[in-house]
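Participant: One structure coming up, written as structure tokens, with questions to follow.
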Amino acid sequence: MAGDKRHADDGLDTEEQLTSTTVDTRPKVSKLVSKQRSQVEYLMKNIDKPIDISTPKKPMLRPPPDIVLNVRGSSAGAGSSDFSIYRDLRRKENLRVKLMESDAAQDSAKDKFIDEIDLLKQKDEERTAKNRAKRQKRKNKNKFVKEK
């Protein structure tokens, strides 16, 4: 059959490509460097334009409703959409609880940091007062020696 012959120039894989089994999926260093270079050049081209480097915003959630009108429970006659609704409500509630816990953890870490700072300031003030007393004592002693 004449159609079975493959030529190197007809776009099909050559023997060299078929024997090469190692595929390097890592990005090339030169590509990364050129990408970074182009990004820096773009920023330097518009040097007067301000750059917004802000922290990501926390997701804002609506507070839970005061009255839940359509309470869903487990029942034998649950419809096909009930699980999707339950899953969505559970996801929202879990996200709300996670945000509250992270806020509480941040507040406690902030309070702990402030307490540590106050303790260090107090120790510094005590040390400074002690050294000040020593200096004053030395000064008074030197005055007393000079008067004699």
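The values are calculated or read from the model by the stated rules, or taken from the named source; none is laboratory data. If you're wondering where the values come from, they're calculated on a predicted model, not measured in any experiment. Neighbour counts run over all protein chains shown; Cβ positions are idealised from the backbone, glycine included. Heads up: the accessible areas ignore ligands, DNA and RNA and are worked out on the full protein's heavy atoms, side chains in. Shrake-Rupley method; radii C 1.70, N 1.55, O 1.52, S 1.80 Å.
Participant: When only the heavy atoms of the protein chains count and the probe is 1.4 Å, how do LEU95, LEU120 rank by accessible area, highest first?
Facilitator: Output order, biggest surface exposure first: LEU120, LEU95.
Participant: Further question on the same structure: Students often get this wrong, so check it: of LYS57/LYS98; LYS123/LYS143; LYS58/LYS98, which have C-alpha atoms separated by over 19 Å? Each step should come with its number before you reach the end.
Facilitator: On the way: LYS57/LYS98 15 Å; LYS123/LYS143 30 Å; LYS58/LYS98 12 Å.
LYS123/LYS143, as the Cα separations exceed 19 Å there.
Participant: In addition: Counting Lys +1, Arg +1, Asp -1, Glu -1, what net charge surrounds SER38 among other residues with beta carbon under 12 Å of its beta carbon?
Facilitator: So the environment of SER38 carries a net charge of +3.
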